[in-house]
1. Take segment 177-230 and flag every residue that is in a helix (DSSP H, G or I) and among the polar types (S, T, N, Q).
2. Would you point out the residue of segment 1-34, among those that are part of a strand (DSSP E or B) and surrounded by fewer than 18 Cβ atoms within 10 Å (Cβ to Cβ), that is farthest from the ligand (Cβ to nearest atom)?
3. Taking segment 113-153 on its own, how many of its residues are of a type in the set (A, V, I, L, M) and in a helix (DSSP H, G or I)?
4. Kindly indicate which of L37, L65, L78 is part of a strand (DSSP E or B), more than 20 Å from V169 (Cβ to Cβ), open to solvent by 40 Å² or more (accessible area, probe 1.4 Å) and in contact with a helix residue (DSSP H, G or I) (Cβ under 7 Å, 6 or more places away or on another chain).
5. Exactly one of (1) under 19 Å from the mean Cα position of the chain (by Cα); (2) open to solvent by 60 Å² or more (accessible area, probe 1.4 Å); (3) among the β-branched types (V, I, T) is unmet by T265. Its number?
6. Out of all the residues in segment 231-245, which are in a strand (DSSP E or B) and either open to solvent by less than 100 Å² (accessible area, probe 1.4 Å) or farther than 30 Å from T202 by Cα (or both)?
7. Here is a check on your reading of the model: is V59 in contact with a Phe, Trp or Tyr (Cβ under 9 Å, 6 or more places away or on another chain) and open to solvent by less than 80 Å² (accessible area, probe 1.4 Å)?
8. Does segment 71-109 hold any residues that are under 24 Å from the mean Cα position of the chain (by Cα) and of a type in the set (G, A, S), and which are they?
Amino acid sequence: MILLDGKKTAQDIKVEITAEVNKMKANGEKVPHLAALIVGSDGASLTYVGSKVKACELVGFESTLIKMPSTTSETELLKKIKELNQNDDIDGFIVQLPLPEQIDTQKVLMAICPSKDVDGFHPENFGKMALDMTTFIPATPFGILELLERYGVETKGKHTVVIGRSHIVGRPMSILMGRKGFPGNSTVTLTHSYTKNIAQITTQADIIISALGVPNYLKAEMVKDGAVIIDVGITRVPDETTEKGYVITGDVDFENVSKKASYITPVPGGVGPMTIAMLLKNTLLAREQRRVNN
Ligand code: GUN
């Protein structure tokens, strides 16, 4: 079994990005600037956004964190997005999801200027992704592709089973794995809450990408020998014996599934750090496109 080490790979990517930023600085060019907008005070979301901002500092990007109260109205949020769209200094920005229920998420994502949509959630960018056009690929799927590529995991002609059809991970992942090229050229099955006999499907999979958010859902008996296992789950499970009061737990029963897997991502230290690294990569791309177009 080979561990797909997202922590180390993300570190390598950050070193590569830092080198790019240093070149920009040496040429007297503007460095990339990422803004992150968060509405409310959900602990996990604040942690993720904090990590994104910290990663920007690490590679030499500029960053701006905008915190809005959980009572923020849709109109107020749309106004803030308009400001970010018009602010020439900002190359890309993200609105951390989920949003409070008084806000229509689709409306918000549609309001982000596609050229600054480094999450790749705007329908224009999502459509481009599905049509193999150059665009921002959502960071978590992009991170998974990067891991598969850097570890040389064969995907061509393989049966990839994706568990979960979220707009952020499952749906884009199912499209990307079926695209022409590497990683891609897979035969993809997208499973979800209405899928019958899921174990019958997962036991036929060469590659399983689980993005369900149910701790320890994928058991050894659901996996065939030699399968590639990508665990996107990051659920906080209460645990009083730890300092934080919780442990981050993946969708995969790692202890038992790892004995059958050819490659597997750990949680933590697998897909999570890759998501942040790829957001930085998208921001670098956004800066480059703005430089070329201005
Ligand atoms: N919430 C969970 N994952 C993500 C992500 O990749 N981007 C944003 N904006 N919100 C998220």
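1. Going residue by residue through segment 177-230, those that are in a helix (DSSP H, G or I) are 177-178, 198-202, 220-222.
If the condition is that a residue be in a helix (DSSP H, G or I) and among the polar types (S, T, N, Q), then Q200, T202 are the ones that fit.
2. Applying the first criterion (part of a strand (DSSP E or B)) to segment 1-34 yields 2-3, 33-34.
Applying the additional criterion that residues be surrounded by fewer than 18 Cβ atoms within 10 Å (Cβ to Cβ) yields 2-3.
Numbers: I2: 26, L3: 23 Å.
Residue satisfying both the conditions and the ranking: I2.
3. Kept after step one, since they are of a type in the set (A, V, I, L, M), are these residues of segment 113-153: 118, 129-131, 133, 137, 139, 144-145, 147-148, 153.
Keeping just the survivors that are in a helix (DSSP H, G or I) gives 129-130, 139, 144-145, 147-148.
Looking only at that region, the number is 7.
4. Working: L37 fails: open to solvent by 40 Å² or more (accessible area, probe 1.4 Å); L78 fails: part of a strand (DSSP E or B).
Step by step, each of L37, L65, L78 is checked, and only L65 is part of a strand (DSSP E or B), more than 20 Å from V169 (Cβ to Cβ), open to solvent by 40 Å² or more (accessible area, probe 1.4 Å) and in contact with a helix residue (DSSP H, G or I) (Cβ under 7 Å, 6 or more places away or on another chain).
5. So the condition that T265 fails would be (2).
6. Just the residues of segment 231-245 that are in a strand (DSSP E or B), to begin with: 231, 235-238.
Within segment 231-245, D231, T235, R236, V237 qualify.
7. Working: in contact with a Phe, Trp or Tyr (Cβ under 9 Å, 6 or more places away or on another chain): no; open to solvent by less than 80 Å² (accessible area, probe 1.4 Å): yes.
No; evaluated as a whole, the condition is false for this residue.
8. Residue satisfying the conditions is G92 alone.
The values are calculated or read from the model by the stated rules, or taken from the named source; none is laboratory data. Bear in mind the structure is a predicted one, so any value in this text is a computation, not a measurement. No Cβ is skipped: glycine too gets one built from the backbone with ideal geometry, and neighbour counts run over all protein chains shown. What goes into the accessible areas is simple: the full protein's heavy atoms, side chains included, and nothing from ligands, DNA or RNA. Shrake-Rupley method; radii C 1.70, N 1.55, O 1.52, S 1.80 Å.
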